[in-house]
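Read the structure below first, then the notes.
The values are calculated or read from the model by the stated rules, or taken from the named source; none is laboratory data. Treat the numbers as computed from the prediction; the structure is a model and nothing was measured. Here Cβ is always computed from backbone atoms with ideal geometry, including for glycine, and neighbour counts include all displayed protein chains.
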Amino acid sequence: MELHVVIEGKRGLAEQIYRQIREAIRSGRLAAGEQLPPSRLLAEQLGVSRKTVSEAYARLTYDQLVTGLVGSGSFVASRQVQQGHALQREDLAGAAIVEHWHRIDMPLTHPMSDARLRYEYIGGATARALFPQEQWRKCSLHALRRTADLHGFYADPQGLLALREAIRRHIGFSRGVTCTPQDILVTNGAQQALDLIARVLVEPGCTVAVEDPGYPLAHVLFEAQRARVVAVPVDAQGIVVDAIPDGTRLIYTTPAHQFPLGLPMSSARRQALLERARELKAIVIEDDYDSEFRYEGQPLEPLYTLDRHGLVAYVGTFSKTLSPELRLGYVIAPPSLQHALTTAKQLTDWHTTTTVQWAMAKFIGDGHLLRHIRRCHSVYGARREHIIARFQSDLSPWFELVPSVAGFHVAALCRRPINLELLCHLARRVEVGLYPLDELYRGDNRRSGLLMGYGAIESLDIDPSLDRVRDILMEIAG
């Protein structure tokens, strides 16, 4: 805590000290709870008597700006902010739109650190212990040196060219996607990429088609923009193209690893989807969120590489390959949307943090990302096999797994009626986080089951946690 007091002349010394400390407190330069210097120390620094400082402290205490604690010292008191009658939400001129946002439910929200359970099976969480701390630290130091040359100017809203070039090389190698750095827009995670696309395409009443079941925050995002969101069912080949209604403007899909069921979209269905999008003149959002972790077979071509009419916006993220806390994603936009998306990005937050961008560009360029993905692939693959083995043995009377060859979650469908709400409640009581599939459906054809993410669960914790789940099932389901 820095306290600046300037003494002028030799008159009214206590008054001068009192006024300057009072102003520091009222302006917020001295925050509530901060300790003031001992009166003897401040007196020595100012060249005044200790009695003078004590007199100023006494006045501050009398005015309830400072609290004295015997044996501890003097502290800035908590300020009691006097307010008039605060308007309620329904009293506001914009009450209707505020109420609209107030009613939005946020499903599948990750628990905060103080609410996490010992055994977590939530989807989308990465293995924290696998994060390459040392390599990222070196790349961050490199980034700090690069940002020192910015001279205080804002950066390119589209993203640093070095990062866009690194992304171009990475997705060309890992996913066979061919593009230029000018096609790429860096975003704060995939969620901002979806938000920007919605901003430039969605208006109240327009039709947006999403998979059912599907990624809930995409559905909620489009609904928040007042779109008419149609839940299109998913079968064994992917989104049912024939169910996409006429007039659809935007189609959201996860073809490489359907969320949450995990099935890949077939080649025939991909072609049919692109043809339907061409008929509708609709943009297709291809959310390729975790397909870099593939355990069986050859990956099918992304929709983006099959697109011949500039209708696919390819969305990628580093939240699943590295860490969601970095908030780094990107969208490879069709030419018709590139300028609009860059403008929307600049109006939203101007640009993504340049320090993180420089660090990621270095991280990719030095080969750390591919090495990290290979390391995670080995760990996630072992966890996946472990979970499959359990669901094919002692958990098989209650659940069957949907075949999945990529990502780091699997869907377990109920073989028999199970009270999943009770199961999840009892599991939480024994420190196991389970999450039902039901919440990810919007239509009527719901399938009961669990979303089993294996990014956050340690390999040695799989057996003891699933033992607890099995015991609960034996108790409640027989």
Query raised in the report: Which members of segment 51-65 meet the condition of being under 48 Å from the mean Cα position of the chain (by Cα) and in contact (Cβ under 8 Å) with a residue 40 or more places away in the chain?
Result: 60, 63, 65
Query raised in the report: modelled with pLDDT of 90 or more, over 30 Å from residue 457 (Cα atoms), under 19 Å from the mean Cα position of the chain (by Cα) and of a type outside the set (D, E, K, R): does that describe residue 163?
Result: no
Query raised in the report: Mind checking which residues of segment 13-32 are surrounded by 13 or more Cβ atoms within 10 Å (Cβ to Cβ) and either not in a loop (DSSP other than H, G, I, E, B) or not assigned by TED's automatic domain parsing to the domain that holds residue 54 (or both)?
Result: 13, 14, 15, 16, 17, 18, 19, 20, 21, 22, 24, 25
Query - Criterion: surrounded by fewer than 15 Cβ atoms within 10 Å (Cβ to Cβ), more than 30 Å from residue 266 (Cβ to Cβ) and either touching a residue at least 24 places away in the same chain (Cβ under 8 Å) or not assigned by TED's automatic domain parsing to the domain that holds residue 461 (or both) - qualifying residue of 358, 350 - result: 350
Requested in this report: Only one of these is under 28 Å from residue 131 (Cα atoms) and surrounded by fewer than 21 Cβ atoms within 10 Å (Cβ to Cβ): 411, 477, 382. Name it.
Outcome: 382
Report summary line: Log entry, pairs with first residue in segment 87-102 being within 16 Å of residue 221 (Cα to Cα), second being of a type in the set (A, V, I, L, M, F, W, C), beta carbons closer than 9 Å, six or more apart or on different chains, reads 98/92; 100/224; 101/224
Query raised in the report: Is it the case that some residue within segment 158-167 is surrounded by fewer than 16 Cβ atoms within 10 Å (Cβ to Cβ), among the aliphatic types (A, V, I, L, M) and over 25 Å from residue 306 (Cα atoms)?
Result: yes
Report task. Inspect all residues belonging to segment 145-158 and state whether any of them is of a type in the set (S, T, N, Q) and either within 23 Å of residue 302 (Cα to Cα) or in contact with a strand residue (DSSP E or B) (Cβ under 9 Å, 6 or more places away or on another chain) (or both). Result -> yes
**Report entry** Hits in segment 350-383 - residues which are farther than 10 Å from residue 166 by Cα, assigned to a helix (DSSP H, G or I) and of a type in the set (A, V, I, L, M, F, W, C)
**Finding:** 356, 358, 359, 369, 370, 373, 376, 379, 382
Query raised in the report: Can you find a residue in segment 141-161 that is touching a Cys at 6+ places or on another chain (Cβ under 6 Å) and over 27 Å from residue 179 (Cβ atoms)?
Result: no
Requested in this report: Report yes if residue 217 is crowded, with 23+ Cβ neighbours inside 10 Å and aliphatic (A, V, I, L, M), otherwise no.
Outcome: no
**Report entry** One residue from 200, 230 being more than 21 Å from the chain's Cα centre (by Cα) and in a helix (DSSP H, G or I)
**Finding:** 200
Query raised in the report: Which of the following residues is modelled with pLDDT of 95 or more, over 20 Å from residue 458 (Cα atoms) and outside the structural domain of residue 463 (by TED's automatic domain parsing): 341, 326?
Result: 341
Query raised in the report: With (1) touching a helix residue (DSSP H, G or I) at 6+ places or on another chain (Cβ under 7 Å); (2) within 18 Å of residue 334 (Cβ to Cβ) as the list, and residue 146 as the residue in question, which single condition is left unmet?
Result: (2)
Report summary line: Listed by first then second residue, the pairs whose first member lies in segment 115-129 and is farther than 15 Å from residue 450 by Cβ, whose partner is of a type in the set (Ser, Thr, Tyr), with beta carbons under 6 Å and at least 6 positions apart or on separate chains, are 126/323
Query - Verdict on residue 291 being out of contact with any Gly (no Cβ under 6 Å at 6 or more places or on another chain), assigned to a loop (DSSP other than H, G, I, E, B) and surrounded by fewer than 23 Cβ atoms within 10 Å (Cβ to Cβ) - result: yes
Query - Answer residue from segment 89-125, given it is modelled with pLDDT under 80 and basic (Lys, Arg) and is surrounded by the most Cβ atoms within 10 Å (Cβ to Cβ) among those - result: 116
